[in-house]
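The values are calculated or read from the model by the stated rules, or taken from the named source; none is laboratory data. Fair warning: this is a prediction, and the values are worked out from it, not measured in the lab. Counting neighbours? That spans all protein chains shown, and the Cβs are built from the backbone with ideal geometry, glycine included.
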């Protein structure tokens, strides 16, 4: 059952002067941090929001420090805030969910005049938190990496969790020694700031290693006084980009974009460094083919296969080296349902860049959201987490 709704707090705007701490001290809250970048913080926040909403909790969300900025309604906000808002319609002004935007010059401005800017930053965070928590049963606070991120402008995750009077949940990667070591380092800073770490979630763990890691990481964390609240298995779908994301990553150009296949996940990447007869052995759904644009023999083979098997031969072709096939062949490609992209880079560089991509969940990734929600609901001890709040 949802928490009993606290008495509605006054809006921060009704209080004269700068706020030194949030007015709302009654709404349960959880600060989600990570041991390092890309450990799964946003995935955890998405899944937690969905799980709490499904249980009937009026759930709020805020990311106090915005670093990866996009512009929404003429306001610079963090892209993760827009992601949460688009998927769940949080019903909070987006500026209140992302109050402090760290533009490229922010750190320099702050270090030049910290005594003047620090109270303003604190005031923004506190007012935004009070607005985001208004009429909510629980609020999720998303951090910006490990405990110390933001320390250079006195807004580390640990200090923000302390400011907002929140307990902390730490997300770490798989393994045994490494996550426990990293949790120990992060917990030390949270402890120093007087923030209680109430649990750890391990993310991206190989399915066949889950029970082994659960046992021994659980023992290691127990020695630090922190319970292991969940182990999330690796889900390949969450790590696979779609072609639109790859086009953005490689600064590519659409030459043919059938919309019905734009969101298809890339399962395998092959380079067109083979004969036309051989390439057919590697084709299939989810395959992305990378080749110089003058390999007309391979393109004819793909076109012929597409005529027989329709779109199942490949989910995309990237033509490299700023080379395009002749106009007649390009028009034949456009008659198929295979997306075609051009780029100035050479094939090896494109393949390397794709393999090194960090794939972030985007608002249009509708196929990922049920996977993320089920990950949290099935693998995290939500009753234990809620009890500690």
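Key figures
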quantity	calculated
Only one of 230, 293 that is buried (at least 19 other Cβ atoms within 10 Å of the Cβ), within 22 Å of residue 371 (Cα to Cα) and touching a strand residue (DSSP E or B) at 6+ places or on another chain (Cβ under 8 Å)	230
Among the candidates 304, 384, residue that is modelled with pLDDT under 90, out of contact with any helix residue (DSSP H, G or I) (no Cβ under 7 Å at 6 or more places or on another chain) and not assigned by TED's automatic domain parsing to the domain that holds residue 78	304
Criterion: surrounded by 14 or more Cβ atoms within 10 Å (Cβ to Cβ) and within 30 Å of residue 369 (Cβ to Cβ) - qualifying residue of 148, 175	175
1 or more residues closer than 18 Å to residue 30 by Cα: qualifying helices (runs of 4 or more DSSP H) within the stretch 97-198	114-133, 157-163, 177-192
Within the stretch 43-75, tally of residues that are at pLDDT 90 or above and in a loop (DSSP other than H, G, I, E, B)	6
Helices (runs of 4 or more DSSP H) within the stretch 288-389 that include 2 or more residues within 30 Å of residue 138 (Cα to Cα)	369-379, 382-388
Residue in the stretch 159-169 that is in the same structural domain as residue 126 (by TED's automatic domain parsing), surrounded by 15 or more Cβ atoms within 10 Å (Cβ to Cβ) and free of Cβ contacts under 8 Å to residues at least 40 places away in the same chain present	yes
Top-ranked residue of the stretch 91-101 - restricted to ones that are within 13 Å of residue 63 (Cα to Cα) and without any contact (Cβ under 8 Å) to a residue 40 or more places away in the chain, ranked as surrounded by the most Cβ atoms within 10 Å (Cβ to Cβ)	98
Considering residues of the stretch 202-224 that are over 11 Å from residue 180 (Cα atoms) and assigned to a strand (DSSP E or B) only, the residue farthest from the chain's Cα centre (by Cα)	205
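This table checks each residue for (1) surrounded by 18 or more Cβ atoms within 10 Å (Cβ to Cβ); (2) over 24 Å from residue 172 (Cβ atoms).
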| position | (1), (2) |
| --- | --- |
| 48 | yes, no |
| 59 | yes, no |
| 77 | yes, yes |
| 88 | no, yes |
| 114 | no, yes |
| 134 | yes, yes |
